[in-house]
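The values are calculated or read from the model by the stated rules, or taken from the named source; none is laboratory data. Everything numeric in this text was worked out from a predicted model, so none of it was measured. Glycine gets a Cβ as well: all are built from the backbone with ideal geometry, and neighbour counts include every protein chain shown. These area figures cover heavy atoms from the full protein model, side chains too; ligands, DNA and RNA do not enter into them. Shrake-Rupley method; radii C 1.70, N 1.55, O 1.52, S 1.80 Å.
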Amino acid sequence: MARRFNNLNDVKKYLAHVLNGLEDGSIEKDDARVRGYVSSVLHKVLLDNDLENRVKALEERLAGGVK
């Protein structure tokens, strides 16, 4: 099933799904570990992207002389 990860809430929901799967035995320990690692990388990318967008918006405001 394809999933969309557009924000940190999506990552949080996915990690909850993985944890539930680990606990009920539908997801193997090694698979959960890989999914957790990739989710942590995605979390960082989403945070960095948000920060980059905010800095860019501030730079545009400063360049335009907007206060």
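Below are the figures for this structure:
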| quantity | calculated |
| --- | --- |
| Calculated from backbone phi, Karplus (6.51, -1.76, 1.60) coupling profile of the stretch 21-31 in Hz, x at Gly/Pro | x, 5, 5, 8, x, 7, 10, 5, 4, 5, 5 |
| Amide hydrogen neighbours beyond the local backbone of Ile27, cut-off 5 Å, H modeled | Leu22 |
| Label point distance in nm, Asn53-Ala32, each placed 7 Å from Cα along Cα→Cβ | 3.2 |
| Solvent-accessible area, 1.4 Å probe, carbon plus sulfur percent, for the chain | 56 |
| Accessible area per residue in Å² at 1.4 Å probe, computed on the chain | 85 |
| Relative compactness, the chain, computed as alpha-carbon Rg over 2.2 N^0.38 Å | 1.59 |
